[in-house]
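The values are calculated or read from the model by the stated rules, or taken from the named source; none is laboratory data. All of these numbers come straight from a predicted model, not from anything done at the bench. Reconstructed Cβ throughout: ideal geometry from the backbone, glycine too, with neighbour counts over all protein chains shown. For the accessible areas, the whole protein counts, side chains as well, though only heavy atoms, and no ligand, DNA or RNA atoms are used. Shrake-Rupley method; radii C 1.70, N 1.55, O 1.52, S 1.80 Å.
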Amino acid sequence: MLGFGVDIGGSGIKGCVVDLDKGELQGERLRIETPQPSLPEPVYDVVARIVDSFGWEGRIGVTYPGVVKGGVARTAANVDKSWLGTHLAEGLASRIPGTVQTLNDADAAGIAEMRYGAGRDKRGIVLMLTFGTGIGSALFTDGVLVPNTEFGHIQVDGHDGEKRASAAVKDREDLSYPQWAKRVDRYLDVLEAAVWPDLIIVGGGVSKKAHKWVPLLSTRTPVVPAQLLNDAGIVGAALAAEERIGQ
């Protein structure tokens with residue numbers, strides 16, 4: 001069975017056809033830089049270009065880097081503030097032929113990892129964290145998603161966690177992996193005290209080099225890299241659309 005997912009990020013928008021039986025991309029994904037400023041209309045146009053390039057006309061899943069309630073964007077930490085209160089599916093309706101299912105980007109990545117990847121068959125409390133422009137989070141209890149957790153904004157030493165420990169901060173401040181791992185470690189200390197997870201899955205582009213920083217963490221919780229790496233958002237979006245997850 002095939003599906004289609006689009007993952008809207010603060011720096012890039014990417015999409016692809018997804019093999020939902022295997023949890024894999026069907027061919028090469030298409031990635032286009034996120035328009036700057038990241039206003040809704042230009043972003044909708046990019047999503048439409050990606051969908052059209054594959055000739056896809058069926059149902060699609062589209063992620064958003066923030067809280068999505070009933071299809072409406074409720075936060076806009078890493079995109080333009082004009083997103084607040086916009087209805088993503090309605091905005092895309094006139095541009096693409098298929099029906100749109102929307103959800104938080106980290107929730108989508110977590111859904112994919114729980115079905116196909118590092119969280120498969122895991123019980124208890126599983127926390128998925130995506131390190132990118134910000135820090136996204138997805139929380140599962142016995143495999144059931146608790147949507148829109150937004151743990152990237154939990155306060156750590158007086159700052160939003162993502163303002164100190166996102167992958168973008170690592171690049172912006174030119175931190176070495178050991179330097180950045182210390183910040184991630186402190187961030188995870190606060191999360192562990194609040195949530196007491198049984199497993200933490202780390203995703204985002206930086207998960208491709210997990211061997212350089214995950215072994216440096218001192219968490220009591222096992223930390224493992226996402227198996228779908230940076231494709232998890234696309235796969236999870238397509239799966240959510242097919243199974244109506246998050247509606």
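Observations on the structure shown:
- Global geometry of the stretch 170-228, whether rounded, prolate or oblate, following the gyration tensor of its Cα atoms and the 1.5 cut on a/c: oblate
- Loop GluC sites (Glu not before Pro), the stretch 155-228, which have at most 11 other Cβ atoms in a 10 Å radius of their Cβ (DSSP): GLU173
- Across the stretch 1-156, C-alpha contacts under 8 Å between residues 6 or more apart give a mean separation that, scaled by the residue count, equals a relative contact order of 18 percent.
- Largest to smallest in accessible area, the residues LEU88, LEU39, LEU145 fall in the order LEU39, LEU145, LEU88 (1.4 Å probe, all protein chains included).
- Relative contact order (%) - criterion: Cα under 8 Å, at least six apart; region: the stretch 114-209: 33
- Qualifying trypsin sites (Lys or Arg not before Pro) in the stretch 5-43, DSSP loop, other Cβ atoms within 10 Å at most 13: LYS22
- Per residue, in Å², the accessible surface of the stretch 156-247 once ligands and nucleic acids are set aside, probe 1.4 Å: 48
- Loop-located trypsin sites (Lys or Arg not before Pro) in the stretch 150-247 whose Cβ has at most 16 other Cβ within 10 Å (DSSP): ARG220, ARG244
- Reachable lysines, given that their alpha-carbon falls under 30 Å from the alpha-carbon of LYS22 and they are not under 8 places away in the same chain: LYS14, LYS69, LYS122, LYS208, LYS209, LYS212
- Counting only protein heavy atoms and a probe of 1.4 Å, the accessible surface of the stretch 1-118 is 48% carbon and sulfur.
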